[in-house]
1. List the pairs from B:LYS87/B:LYS311; B:LYS312/B:LYS396; A:LYS396/A:LYS431 whose alpha-carbon separation is above 20 Å, in the order I gave them.
2. Could you check how much of the accessible area of the protein assembly as shown is carbon and sulfur, as a whole percent, using a 1.4 Å probe?
3. I'd like the mean, over residues of B:343-349, of how many other protein chain beta carbons sit within 10 Å of each residue's own Cβ.
4. Straight-line reach only, C-alpha to C-alpha below 16 angstrom: list the lysines that B:LYS47 could link to, leaving out same-chain residues fewer than 8 apart.
5. Could you tell me the extents of region B:282-442's C-alpha atoms along the three principal axes, largest first, rounded to whole Å?
6. Let's see if you can work this out: charge +1 on each Lys and Arg Cβ, -1 on each Asp and Glu Cβ, no other charges. What is the dipole magnitude of chain A about its Cα centre, in debye to the nearest 20?
7. What order, most packed first, do the peptides A:489-497, A:19-27 have when packing is the mean number of other Cβ atoms within 10 Å of each residue?
8. How do the peptides A:255-266, B:110-121 rank, highest first, by the average count of neighbouring beta carbon atoms within 10 Å per residue?
Protein chains: 2
Amino acid sequence: GLGLWTSVSALVNTWRVFMWCGKLLVIPIDGSHWLSTLPVVEKLRDKGHEIVVVAPEINLRIHSSPVYTLKTYPVSYTKEFVEAEFKEMGQRSFTPQPFLKKLSKIASFTSMFLDSCKRLLSDKELIQYLEGSKFDAIFMDPFFPCGQILAEHLSLPSVYFLRGLPCSVEFQATMCPSPPSYVPRFFTRSTDRMSFGQRLGNLLATLGSSLACSVLYSPYDPLIREFLQREATVPELFSHAAVWLMKYDFVFEYPRPLMPNMVLVGGIVLSCSLLVPLPFQREFEAMVNASGEHGIVVFSLGSMVSEIPMKKAMEIAEGLGTVPQTVFWRYTGKAPPNLPKNVKLVKWLPQNDLLAHPKTRAFITHGGSHGVYEGICNAVPMVLMPLFGDQMDNAKRVESRGAGLTLNILEMTSADISNALKAVINDKTYKENIQRLSDLHLDRPIHPLDLAVHWVEFVMRHKGAPHLRPAAHDLNWVQYHSLDVIAFLAAVTLLFLFISFKCCLCCCRRCCGKKGEAV
Amino acid sequence: GLGLWTSVSALVNTWRVFMWCGKLLVIPIDGSHWLSTLPVVEKLRDKGHEIVVVAPEINLRIHSSPVYTLKTYPVSYTKEFVEAEFKEMGQRSFTPQPFLKKLSKIASFTSMFLDSCKRLLSDKELIQYLEGSKFDAIFMDPFFPCGQILAEHLSLPSVYFLRGLPCSVEFQATMCPSPPSYVPRFFTRSTDRMSFGQRLGNLLATLGSSLACSVLYSPYDPLIREFLQREATVPELFSHAAVWLMKYDFVFEYPRPLMPNMVLVGGIVLSCSLLVPLPFQREFEAMVNASGEHGIVVFSLGSMVSEIPMKKAMEIAEGLGTVPQTVFWRYTGKAPPNLPKNVKLVKWLPQNDLLAHPKTRAFITHGGSHGVYEGICNAVPMVLMPLFGDQMDNAKRVESRGAGLTLNILEMTSADISNALKAVINDKTYKENIQRLSDLHLDRPIHPLDLAVHWVEFVMRHKGAPHLRPAAHDLNWVQYHSLDVIAFLAAVTLLFLFISFKCCLCCCRRCCGKKGEAV
């Protein structure tokens, strides 16, 4: 019957979609970026796809694995150098830095990436291997722009995975409108509700970031010319991305316009709603239970910060001593001598498990987006001590929603720490607000990990997503803003007014003239 | 252990989300709109929610049902009047109409809605019942703006379900950027790739539609004042909607910016991918099998068109006679005397089942969005004969993607029909293009019906979705476009230039003067 036909064709379609297996090239970034990339890679492997990861031979976290084939390329730096860089980056946050020194550090990071890119693209053997492998798509972190140069060379559609890019080039590259009147730029520390002065600052930041973008990515221009044999800038290449997977959602980020090829996958690597029982932590459970009715506080400044200057550490310890809660402080540096009894220093802690525990009262964090999402997901009010990068902006977002308090790590005293911690623990509005954010964040039609995997597979199956690419990309700046059309309308209007005026004048004169004659 | 805690809290959360049942008010629109609303209502009922539907007592398709409680309100027109209006609307499409007459017809429809609204709001008993029922949200078709007035009165969050609204007020109400340079306005028949002239027309259409909006919705202003005791326009009220469920996707619509509270649910009521076996149609199956290797063509101008002027019907019949395929023509009017042997007139046909059949070669449709999605979903190339409303634009979208051909129903000859039909059947590119669209459309992470149900439930559970509301709503036109900031910057720059110029002048004069003295 007809019904049967419908079923059969639907079945065939379903089978085709579910059983298709492809080959994926992954260009990740080392460190915390890789930690959120790995679960996506693992899930894609579970679905049967073959995965090749290309990474520098010197790295901290990207190891060989049965999940993927790891291909490495030589780099000019040593493991010790990378470790020292990361360590220094963490420590620098605790001492005031002149702006130019900060800028020179960013430049040194950029040049490290540029150097890696040069070495990757000039590794003939690796490039030949990649050319020979028939990949369906490339899955990459655009923070390392080299992936897109490779994608162009191999004619592969690309899927990006990111929290945000320097100078917000992601919105420029996707032609996504970002009105500066209510979309705060990074590093301005504004919310989406701005005063006149803040809107002024935001507009200037918008102009400044365009400039910063061209400066930041210009060193890649010769590399692109040499390797792709054509003229293009990095933002131009970025505009070819098929799908952008953004690691945030509107519980955390301020509502703003998005383009069809931007998919929000905030909270992608969290298991707080996944019903995954984790291994039993006897050591921590005993300590948590011993905390009594006051419960616990979880304190971690992330994996980048291993040591804190002793003076600062002692102030923090003093502040923590003023609350009745047991504080678990993840810290590998030297213990401050004034460490109070209620503070337990640990080299590592099961952060997500501890945050999920009903006895947890507060979370002291540096405000990395991963940690913030763990706090949101488990509904734990936060005290934020942002260190660098997007952490100031992340902290501002949590604070503006009444779900936490932000401290300036350079200026805070032990009293500030104590007051902030007591406030988020004792003032019920913080808990209510974070609970509301948590409820909203977890109430979603599909898990962000499944969504991310779907879109990577989509791009693999259909060799891109050209139906999501707006025609705006074919327009120049003047055309996009309809300035030529407006100029034409203005010219026509002026011409019409001018002719009307002339006609009137002419008529008047003739009338007057005739009258004059008559008289 | 900690893992257990994680699991328990996650389980509780899951249970809370899945088992929660609420009460929903539905304000639908009669006719084809109701056909796509009903499946959402049925699925929400399946989930355990209590549903109350409020409709005019005179309607064609909204009947009592065990799925929902139907509450009706009296209206001033009769069933015969509505049927005659619909019939006339269909027939008018076949005769050229002067623009003013078209406009007066739209006005008559608007006044019918306005009259219904007045009667609904003045039905004291019904309003009292609604006030007494504790609803969690309202699910409505904003084509009938009365629902939002009721939502404001009952302080309920609202979810909208729509294909599009007159004068594109949905983008105005959501503060969604729609650059006129590549987002074609309705009724302009432009694609997203426009010439200078088309962009000019599109900009003028943008300006015109703002004007049309205020004219079209102004009759509601006194009603709002009277019933809500405050001043507001319909577009202002629309801006309070929590979530907009849009019945399209980017396989059909051109890529454009969207706001966070817009959810695309194109193809929502289709079963082509749902594996639902439909009742056996013995009569049709025999005819389909008898069609042999040439296969069949499905021809329907929708439920609104029951009769076609005889002259036009004869031309159509002549055109259909030139192809070797068996044509199923859904038509309730008088059979044209020249009806060829290969054309079977039927009063009703299982459209989706026939389109899903592998023997189907082409689909002749009026281009209603429901029919177009059935064509896309089953990958059948189309010949489009748009009649009114959004059908011209729908046809343009299918044609611009090379998946069908559009005919002008007023001007087409039998030769045109024959050529168009032969082209889409014999030129393989049409089949390839529609197959590609179909693959893209069906490859989605979640079925649009589940997505729609999720968002209605989301708004019910959280009493709205304020976290998706952009701060742009708090800005006036000047602030939104940063015109005040730009004016300030310009003033400061001019002042700076003026002072610099004056200083220079002063210096020069002094220098010259001194020189003069020295000489």
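The values are calculated or read from the model by the stated rules, or taken from the named source; none is laboratory data. Note that this is a predicted model, so its numbers are computed, not measured. Positions of Cβ are backbone-derived with ideal geometry, glycine not excepted, and every protein chain shown enters the neighbour counts. Just the protein is used for accessible areas: all its heavy atoms, side chains included, with ligands, DNA and RNA removed. Shrake-Rupley method; radii C 1.70, N 1.55, O 1.52, S 1.80 Å.
1. B:LYS312/B:LYS396
2. 61 percent
3. Mean shielding by partner chains, rounded to a whole number: 0.
4. B:LYS23
5. Over region B:282-442, Cα extents along the principal axes are 42, 35, 26 Å.
6. 1180 debye
7. Taking the mean over residues of other Cβ atoms within 10 Å, the ranking is A:19-27, A:489-497.
8. Ranking the peptides A:255-266, B:110-121 by packing returns A:255-266, B:110-121.
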